[in-house]
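Enquirer: Take this structure, written in C-alpha cells, and hold onto it; I'll ask about it next.
The values are calculated or read from the model by the stated rules, or taken from the named source; none is laboratory data. Computed from a predicted model, the values in this text were never measured in an experiment. Note: ideal-geometry Cβ built from the backbone for every residue, glycine included; neighbour counts use all protein chains shown.
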Amino acid sequence: MASVEIIELRKLYGSVVALSNISLEIKSGSFFTLLGPSGCGKTTLLRTIAGFHAQNSGRIFIGEKAIEHTPAHKRDVGMVFQDYAVFPHLSVFDNVAFGLKQRRVSSGQIRERVASVLDIVQLGDYTNRMPHELSGGQQQRVGLARALVINPKVLLMDEPLSNLDAKLRVDLCHQIRRIQQDMGITTIYVTHDQEEALATSDMVCVMYNGIIQQAAPPLEIYNRPANRFVANFVGANNFLKVDTKGHGVVLANSGISTGISMPKGESEAGIVAAIRPEKTDVSQTAPHAGQVCLPAKLSHISFIGREMEIQGLGENGEEIRAVMRPDSDLMALSPGSDIHFNFSATEMSLFEDSETGRRLS
Ligand code: ATP
C-alpha cells in the first residue's frame with residue numbers, strides 16, 4: 001500500500017482538454033473515488049495513472065517513486081475494468097493465476113496465492129468453473145481477484161459495477177469496501193453513481209470538464225459543496241434566485257426575507273440560494289415560525305414508499321421540491337392547491353449564479 005500524488009497532470013486528445021492541471025494527494029490505504037458526469041475525464045485520469053495513456057505534462061508518484069514514464073506493467077497497480085475483462089477460455093483459477101505466471105512465480109506459490117485471494121472474494125468453491133458458468137457479479141469478483149493477486153500497491157477500478165443489476169451493485173459495492181478495508185489497499189475508484197461514491201469512499205473527488213471541482217470526505221461534499229456544480233450533481237437541490245435588500249438576502253421576485261445577511265465583501269449580483277428537498281417541508285396553513293416560507297401552488301405529488309416528493313410553483317415563479325414523510329392530508333390535495341414550502345435559512349447555501357459558481361461562505 002502506498003500514497004498517490006498527482007501534480008499538474010494535463011492530458012489532451014487533439015484539441016480536447018481531457019485533464020486540465022489535475023493535482024491530487026491520495027492517502028495510503030484510503031478509498032478515493034473519482035465522480036462526475038460522462039465525459040468529465042475520470043476514466044482518462046484513471047488510465048493515465050495506470051499507464052495506458054501518456055500525459056502531455058505533469059507528474060504521478062506512487063509512494064516516493066515517480067511513475068509517469070514507467071511502462072504500465074511495471075507501475076505496481078492492479079486494474080479492474082467495467083466489462084470484467086476475464087479471459088473466456090481460462091478457468092477461474094487460470095484467470096487469477098495469469099499475472100503470477102507472467103511474473104514467473106513458482107507453481108506452489110501460485111496455488112497458495114490464488115486460493116487465498118479467491119477466498120477473500122468468496123469464490124473458493126468456483127476454482128474450476130469457466131467464466132460462462134458464472135454470473136456477472138461472480139465474473140467481476142474474478143476480475144477483482146486477478147487485480148489483487150499480484151499484491152499491487154494501488155488498486156484502480158473503472159466503473160466495476162455498472163454492468164450489474166441494482167441489488168447486486170449494492171452487495172458487491174459493500175464487499176469491495178470490506179475487502180479494501182481488510183487489505184488496507186489504496187484504491188482509486190471511478191463511478192458516475194453518486195450514491196455509490198458517498199457510501200464507499202473516504203474521499204470523493206468531483207470532476208467536470210477535466211477540472212477538479214471539489215475533493216473532500218463524502219459528508220463535506222454533501223453538506224458543504226464547494227460550488228454550484230457540486231451542489232447540483234451530488235444529491236438534489238432547489239436553486240432559488242436571491243436579491244439583497246439593505247444587507248439582507250431576500251428571495252428574488254417575491255421579496256420574501258430569508259433572515260440572513262449578505263456575506264461581507266461579496267457582490268450582490270447573480271446569486272442563488274440552494275436548499276435540499278429533504279430540508280424542505282410543506283404545510284397547507286400558517287408557516288412554521290422562524291422559517292423561510294415560500295407560498296406556492298401544488299404541481300405534483302409522488303408517493304415513493306418511505307417518503308413522498310412534492311413539487312410546486314413558488315410565488316416567485318420558480319419550481320421547488322420537498323421530500324418528506326408521507327402525509328395523507330397533503331396527498332389528498334389536488335394540483336393547483338395553495339401550499340407553503342418552508343425551510344430553515346441556516347440550511348441554505350449561497351452560490352454565484354453560474355454553472356460552477358463558487359460557494360459564498
Ligand atoms: P464516461 O463516464 O462516459 O466514461 P469519463 O468521465 O470517463 O466519461 P473520459 O472518457 O475520460 O470521460 O473522456 C474525457 C474527454 O475526453 C471527453 O470529452 C471525451 O470525449 C474525450 N476523449 C476520451 N477519449 C478520447 C479519445 N481517444 N480521443 C478523443 N477524445 C477522447
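Enquirer: Taking Glu159 as the residue in question, decide whether it is on the phi > 0 side of the Ramachandran plot, of a type outside the set (A, V, I, L, M) and either out of contact with any Pro (no Cβ under 8 Å at 6 or more places or on another chain) or within 16 Å of the ligand (Cβ to nearest atom) (or both).
Expert: When the stated conditions are applied, Glu159 passes them.
Enquirer: Restricting region 123-150 to residues that are hydrophobic (A, V, I, L, M, F, W, C) and part of a loop (DSSP other than H, G, I, E, B), which is nearest to Arg111 (Cα to Cα)?
Expert: Applying the filter and picking the extreme gives Val149.
Enquirer: Next up: Restricting attention to region 316-344, report how many residues are outside any strand (DSSP E or B), buried (at least 18 other Cβ atoms within 10 Å of the Cβ) and not hydrophobic (A, V, I, L, M, F, W, C).
Expert: Residues that pass the stated criteria total 2.
Enquirer: Checking Glu220 against (1) assigned by TED's automatic domain parsing to the domain that holds Asn342; (2) at pLDDT 95 or above; (3) of a type outside the set (Lys, Arg): exactly one of these is not met. Which one?
Expert: Failing condition for Glu220: (1).
Enquirer: Among the residues of region 151-162, are any among the β-branched types (Val, Ile, Thr), in a strand (DSSP E or B) and out of contact with any Lys or Arg (no Cβ under 7 Å at 6 or more places or on another chain)?
Expert: Checked region 151-162: at least one residue is among the β-branched types (Val, Ile, Thr), in a strand (DSSP E or B) and out of contact with any Lys or Arg (no Cβ under 7 Å at 6 or more places or on another chain).
Enquirer: For region 289-304, which residues satisfy the criterion of being in a loop (DSSP other than H, G, I, E, B) and free of Cβ contacts under 8 Å to residues at least 12 places away in the same chain?
Expert: Answer for region 289-304, where residues must be in a loop (DSSP other than H, G, I, E, B) and free of Cβ contacts under 8 Å to residues at least 12 places away in the same chain: Ala289, Ile304.
Enquirer: For region 215-238, enumerate the residues that are away from the ligand (no atom under 16 Å from the Cβ), under 12 Å from the mean Cα position of the chain (by Cα) and not in a helix (DSSP H, G or I).
Expert: Hits for region 215-238 are Ala216, Pro217, Gly235.
Enquirer: Next question, about the same structure. Residues in region 170-197 that are within 16 Å of the ligand (Cβ to nearest atom), farther than 28 Å from Glu112 by Cα and touching an Asp or Glu at 6+ places or on another chain (Cβ under 9 Å): how many?
Expert: Looking only at that region, the number is 4.
Enquirer: Now, a different point. Can you list the strands (runs of 3 or more DSSP E) found entirely within region 1-80 that contain at least 3 residues being more than 13 Å from the ligand (Cβ to nearest atom) and of a type in the set (A, V, I, L, M, F, W, C)?
Expert: In region 1-80, the matching strands (runs of 3 or more DSSP E) lie at 4-13, 57-62, 77-80.
Enquirer: A follow-up question, please. Need pairs with beta-carbon distance below 7 Å; first residue at positive phi and within region 14-32, second in a loop (DSSP other than H, G, I, E, B); sequence gap 6+ or separate chains.
Expert: Every condition considered, the pairs that remain are Gly29/Met1; Gly29/Gly184.
Enquirer: Next question. One residue is enough: does region 65-83 have a residue meeting the conditions of a type in the set (Asp, Glu) and loosely packed, with under 15 Cβ neighbours inside 10 Å?
Expert: Yes, there is a match, as at least one residue in region 65-83 is of a type in the set (Asp, Glu) and loosely packed, with under 15 Cβ neighbours inside 10 Å.
Residue-wise test of (1) among the hydrophobic types (A, V, I, L, M, F, W, C); (2) closer than 25 Å to Cys40 by Cα; (3) buried (at least 16 other Cβ atoms within 10 Å of the Cβ).
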residue: Leu219; (1), (2), (3): yes, yes, no
residue: Arg224; (1), (2), (3): no, yes, no
residue: Asn232; (1), (2), (3): no, yes, yes
residue: Ser257; (1), (2), (3): no, no, no
residue: Gly270; (1), (2), (3): no, no, no
residue: Arg276; (1), (2), (3): no, yes, yes
residue: Leu294; (1), (2), (3): yes, no, yes
residue: Gly305; (1), (2), (3): no, no, no
